[in-house]
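This report refers to the structure that appears directly beneath it.
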Amino acid sequence: MPERFPIRLFLVLALVASHAVVAPARADRDPCPSPGTIAVREDGQRLVFAGEDPEEEALCLVRIGEQTRRLLFGFWAPIGPELDEARAALAQLLSGGPGTRVTIREHVFTDSWLETWERGDEETVALRSGPRRAVRLDRTMRLSGPTGFHAIASYWIDVETGVVLKATHRHLEGLRLPYRDMVITHLDTRG
């Protein structure tokens, strides 16, 4: 079992790291992009949004290829059982103003996961289809235990739709996850 732990943990963390997709940047709209919204990444991958999971508040359904992901506010993959705590923290972050900070803690097997999020200012992100207003969210992730890890990620969330328009990742130490920078080139909100 100890040999499989790092692989299982790696798979869980890889899912969290590689699927940043959506988030509400305004408190006055639904937690998920409207069903039928389509975002196209620079690699041509299409993200099709199917709305909120009817059984779990603020979990967005996003079809990526043949898979459907369930992501809290569309950008956070639940790691462990603490979904309610994460939902409350991220709702506070998204409804707060610049400088709002929240923390999410999870215990994963023998490791402790700690994320600190900070909401930044509104910025303009240039897409091929035109400029979009976005809110920047900065995320610091640290895994403590036998499998250590420390990284920083930033997400630019479209103010109108909640779609992540751009994401950057920087590995600082420990386990290397398959993070990659991501840019949306086209956004279709007609649904």
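The values are calculated or read from the model by the stated rules, or taken from the named source; none is laboratory data. Keep in mind the model is a prediction, meaning the values are calculated, not measured. No Cβ is skipped: glycine too gets one built from the backbone with ideal geometry, and neighbour counts run over all protein chains shown. Please note that ligands, DNA and RNA were not included when accessible areas were found on the heavy atoms of the full protein model with its side chains. Shrake-Rupley method; radii C 1.70, N 1.55, O 1.52, S 1.80 Å.
Just to be sure before I move on: is Ile184 outside any loop (DSSP other than H, G, I, E, B), free of Cβ contacts under 8 Å to residues at least 24 places away in the same chain and touching an Asp or Glu at 6+ places or on another chain (Cβ under 8 Å) in the structure I sent? Even if it seems obvious, please write down each step before you answer.
Values: outside any loop (DSSP other than H, G, I, E, B): yes; free of Cβ contacts under 8 Å to residues at least 24 places away in the same chain: no; touching an Asp or Glu at 6+ places or on another chain (Cβ under 8 Å): yes.
No: the conditions fail for Ile184.
What pairs come up if the first residue lies in the stretch 38-63 and is over 18 Å from Ala167 (Cβ atoms) and among the acidic types (Asp, Glu), the second is at pLDDT below 95 and open to solvent by 60 Å² or more (accessible area, probe 1.4 Å), and their beta carbons are under 8 Å apart, counting only those six or more places apart or on different chains?
Short answer, once both residue conditions are applied: Glu52/Asp30; Asp53/Arg70; Glu56/Arg70.
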